[in-house]
Structures are given as C-alpha cells and as structure tokens.
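Structure provided below as structure tokens; questions to follow.
Quick note: the coordinates plus some simple rules give every number you see, no bench work behind them. Remember, it's a predicted structure, so these values are computed and weren't measured experimentally. When we count neighbours, we look across all protein chains shown, and the Cβ atoms used for this are built from the backbone with ideal geometry, even at glycine.
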C-alpha cells in the first residue's frame, strides 16, 4: 500500500509540474524557456524537478499525448451524441480549434513533428500518437459518411478529402493564431471555420 501511495504521489507531482509547465510555455513559448523556468515557477530546485521530469522533450511528449487523448475522448463523445451530422461537424471543428488555444503552443509545435523520424527512445510515443491521430481522423470521416448517407451533407468530395480540408483550415492557424494577442478567440475562429466548411457541404 505504501508503495502504491508513493506511485500516486509521484504521478500527482508530475501532473502539478505539467500544469505549471503549460502556463510557462504559454507565456514564454516552448523554445524559449528551459526546465529552469518551470522549476522557478514551481519554487523548487532544478535537481528536484529533474527527479520527476528528466528533460523538456519528455515533458513535451507527455503533454502532447495527453492533449490528443483528450481531443479523441471529446470527439468520441460528440460522435456518440444524438445531434445531426451537421451539428456534429460544427462541434468537432469548434472543439478542435478550441483545443489549439487551450494547449497553445504545444499542439502547433507538435504539427511540425515528423513522426516517422524520431529518435529510438521516442518510438513508442510516436506509435501511440499516430494511433490516436488515426482514431480521430476516423471519427470525423465517419460523421461525414453518415451525413452523406442520410442526405444532410453533399458528397462534394470523398469523406477523407472533406475531413482533411477541415483539418487543414485548423492546422494552418499555427501560422497566425496566438490566443494571447488574437482579436478573436479560438472558439470564435472554430465556429467561423465550421460555418465555412458546412456552407460548402451542407445539403
């Protein structure tokens, strides 16, 4: 029991560090601050921090994986709901854009990752993330297929092409969106993207 309590205490501390790290990265960007900045924000020494997080890359991988897992879980909940295919597309688009804002700049940095060429120690992380990405893509495609089948969406292209068009709009915001300086929130942008997409495919 003591050993299990020790493990839970360790996991809880890592979660605390991750939460503070996101705040530091949001304020200073990912490339700028080192773990020293995170340690200072936590009021702990670098040596103590290294016990929980050996390096910034490992912390980044963990935060990205958790963010994507959350996105998939939300997408599954949306797809399992009773809303129309049109409303599901709207909700999926808004939620994904909102996630980019919440996890800024982590998901944008992740978009630049080449998951086919990572160092050996990161292959398991890469495999897991690619699996999550495929699951998320499959969920969006299934909603589009459903909409085309029931006549609420027009088959202007294959469901995969339509899905990738939506992803493309959101991914491109990595070039210009910063939640700290943007005049529009991520949610407002997501709603606009959803309407732009739906105006082209809604029956």
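Name the most mobile residue of 150, 164, 178, meaning the one with the largest mean-square fluctuation, in a Gaussian network model of the chain with Cα contacts below 10 Å.
150
Okay, next question. Report the extension gain between residue 113 and residue 58 in nm, rounded to one decimal, defined as 0.36 nm multiplied by the number of residues separating them, less their alpha carbon distance. Kindly include the intermediate steps, with their values, before the conclusion.
Numbers: separation 55, 0.36 × 55 = 19.80 nm, distance 1.40 nm.
Between residue 113 and residue 58, full extension yields an extra 18.4 nm.
Okay, next question. Order these by the 10 Å Cβ neighbour count, fewest first: 181, 93, 173.
Listed from fewest to most nearby Cβ atoms, that is 181, 173, 93.
Mind listing the Cα extents of region 124-203 along all three principal axes, in Å, largest one first?
Result for region 124-203: principal-axis Cα extents of 41, 38, 16 Å.
Which FRET efficiency value, to the nearest 0.05, do you get for residue 41 and residue 192 by plugging their Cβ-Cβ distance into 1/(1 + (r/R0)^6) with R0 = 45 Å?
Once the sixth-power term is evaluated, E becomes 0.85.
Between the helical axis of 2-28 and the dominant principal axis of the chain, each derived from Cα atoms, what acute angle in degrees is found, rounded to the nearest 10?
With both axes taken from Cα atoms, the answer is about 70 degrees.
How far is helix 85-102 tilted off the main Cα axis of the chain, in degrees rounded to 10, range 0 to 90?
30
Let me ask something additional. Could you work out [θ]222 nm for the chain from helices alone, using -39500 (n - 2.57) per DSSP H run of at least four and dividing by all its residues? Round to the nearest 500 deg cm²/dmol. Each step should come with its number before you reach the end.
Numbers: 9 runs with 149 residues, N = 203.
Result for the chain, helices only: -24500 deg cm²/dmol.
Also: Given the convex hull over the Cα atoms of the chain, what projected area results after averaging over all orientations, in nm²?
Over every viewing direction, the Cα hull of the chain projects on average to 13.7 nm².
Can you give the Kirkwood hydrodynamic radius of region 69-166 from its Cα pairs, in Å with one decimal?
Its Kirkwood hydrodynamic radius stands at 14.6 Å.
Take every Cα pair under 8 Å in region 56-201 that's 6+ residues apart, average their separations, divide by the length, and report that relative contact order as a whole percent.
38
When all C-alpha to C-alpha distances in region 21-94 are sorted into bins of 5 Å, what percent of pairs does each bin hold, rounded to whole numbers?
In whole percents, the pair-distance histogram is 3, 14, 19, 16, 11, 9, 10, 9, 6, 3, 0.
Further, regarding this structure: What FRET efficiency, computed as 1/(1 + (r/R0)^6) with R0 = 45 Å and r the Cβ-Cβ distance, is obtained for residue 158 and residue 181, rounded to the nearest 0.05?
The value I calculate is 0.75.
On a 0 to 90 degree scale, rounded to 10, what angle separates helix 186-201 from the longest Cα axis of the chain?
The angle comes out near 30 degrees.
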